[in-house]
Amino acid sequence: MAWTIILSFSAFVLCVSAHYNHNKPSVYESLQKYNFPVGLLPKGATGYSLNQATGEFSAYLNGSCSFTLENSYELKYKPVIKGVISEGRLQKLSGVSVKVVVMWLNIVEVKRNNDNLEFSVGFTSAIFPVDNFEECPQCGCGLDCVGGRSSNEVEKSCHSAVAMSPLTCLLLAISVTIISASPEAVAAADSPTVYEALETYGFPVGLLPKGVTSYELDSATGKFTVHLNKSCSFTIDGYNLNYKTKISGTISTNRIKNLNGIQVKVLLFWVNIIEVTKDGDELELSVGIASADFPMDSFVESPQCGCGFDCVNGGKRSAKFGFKSLVPLLDV
């Protein structure tokens, strides 16, 4: 009798659960509930979670998703996309990025204003008609395979006189907006190298060696990743420095924290440099248990892998580093 009750209760729970899941709207229908078009997400969403009280959500794809539009622009969706949704607004968005020029930019906010959508990448934004996003792109082929048709058959007008795919309009307009934005934004857009990005935060270019191939920067959080074409090491004033192929951290004006991927050899130990702080005309490099100050002009040029500052501009250079000041603290 007891087993009959248990089995009956289990069957009831399964039926209720199945009924709930069957009636739960899809992530695309949920977007529409908050007044957004379905084309903000690609096909392939496997599920989602949504806190109705706070608007916090996570959307899940069956894998990372990327595609190229008009053979020019790359769009990338991570397997998990997060943010906070409310009527006509998506904020604190993470997991969606667009490659503009040589930089991956995170789309951090989307707002609806009547029949337009405003997309923000942090330091600039662009506005597009809502009906540009009425269809979902597909991973791998974007809008080239929507409904089994070619992109020419599904293209819509971004402006009445110009026909192109919706997301290409977004990427093109972001590019144009960056180029024509405020002087501060122009400095960032016209100077896309990681070395110039360092300078916009108050740091000299010599914090990184030559040979950076690309980088990603979340302008909203300051989180960054720098990629070198190979691991890089050289000797300065008798001390060995080592840069890994990937360097990450969080940057803000005059401060880099949570730094990972740069080491200095002190005595017999490789020690991670975890934080760099600018204070006036000096930089403080911290290895956690100790720190040392160096003049900014010690970093005015980028060292070269293998020979450091000995081959900068084809000649020897007298480095002004003093890692010896770390040794007494490390000896304790």
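The values are calculated or read from the model by the stated rules, or taken from the named source; none is laboratory data. Note that this is a predicted model, so its numbers are computed, not measured. With ideal geometry, Cβ positions are generated from the backbone for all residues, glycine too; neighbour counts draw on all protein chains shown.
Below is a table of values for the structure above.
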quantity: Residue ID - modelled with the lowest pLDDT, chosen from residues in region 208-228 that are of a type in the set (A, V, I, L, M) and assigned to a loop (DSSP other than H, G, I, E, B); calculated: Ala220
quantity: Residue in region 60-82 that is more than 19 Å from Asp218 (Cβ to Cβ) and of a type in the set (Lys, Arg) present; calculated: no
quantity: Flag for Val110 being among the β-branched types (Val, Ile, Thr) and modelled with pLDDT under 90; calculated: no
quantity: Test result for Val266, surrounded by fewer than 16 Cβ atoms within 10 Å (Cβ to Cβ), modelled with pLDDT under 90 and assigned by TED's automatic domain parsing to the domain that holds Leu208; calculated: no
quantity: The listed residue being on the phi < 0 side of the Ramachandran plot, among the β-branched types (Val, Ile, Thr) and touching a residue at least 60 places away in the same chain (Cβ under 8 Å), out of Val266, Val271, Val287; calculated: Val266
quantity: Looking only at region 113-157, and only at residues there that are of a type in the set (Val, Ile, Thr) and part of a loop (DSSP other than H, G, I, E, B), the one that is modelled with the lowest pLDDT; calculated: Thr124
quantity: Enumeration of residues in region 54-68 that are closer than 17 Å to Lys24 by Cα and among the small types (Gly, Ala, Ser); calculated: Gly55, Ser58, Ala59
quantity: Candidate set from region 71-97 (those that are part of a strand (DSSP E or B) and among the small types (Gly, Ala, Ser)); member that is modelled with the lowest pLDDT; calculated: Ser97
quantity: Verdict on Ala220 being out of contact with any Phe, Trp or Tyr (no Cβ under 9 Å at 6 or more places or on another chain) and surrounded by 17 or more Cβ atoms within 10 Å (Cβ to Cβ); calculated: yes
quantity: Every pair of residues 6+ apart whose Cβ atoms lie under 6 Å, when the first sits in region 41-57 and is in the same structural domain as Asn132 (by TED's automatic domain parsing) while the second is exposed (fewer than 13 other Cβ atoms within 10 Å of the Cβ) and in a loop (DSSP other than H, G, I, E, B); calculated: Gly44/Asn62; Thr46/Asn62
quantity: Residue in region 193-203 that is within 18 Å of Val264 (Cβ to Cβ), under 21 Å from the mean Cα position of the chain (by Cα) and surrounded by 17 or more Cβ atoms within 10 Å (Cβ to Cβ) present; calculated: yes
quantity: Residue tally, condition in a strand (DSSP E or B) and either in contact with a Phe, Trp or Tyr (Cβ under 6 Å, 6 or more places away or on another chain) or without any contact (Cβ under 8 Å) to a residue 12 or more places away in the chain (or both), over region 229-240; calculated: 3
quantity: Residues of region 24-72 satisfying the condition of being touching an Asp or Glu at 6+ places or on another chain (Cβ under 8 Å) and aromatic (Phe, Trp, Tyr); calculated: Tyr34, Phe67
quantity: Condition met for Val194 (modelled with pLDDT of 70 or more and outside the structural domain of Glu74 (by TED's automatic domain parsing)); calculated: yes
quantity: Options Ser318, Ser325; residue that is at pLDDT below 75 and assigned to a loop (DSSP other than H, G, I, E, B); calculated: Ser318
quantity: Candidate set from region 273-294 (those that are loosely packed, with under 15 Cβ neighbours inside 10 Å and out of contact with any Asp or Glu (no Cβ under 6 Å at 6 or more places or on another chain)); member that is modelled with the lowest pLDDT; calculated: Ile289
quantity: Yes/no for Lys246 being in a loop (DSSP other than H, G, I, E, B) and under 26 Å from the mean Cα position of the chain (by Cα); calculated: no
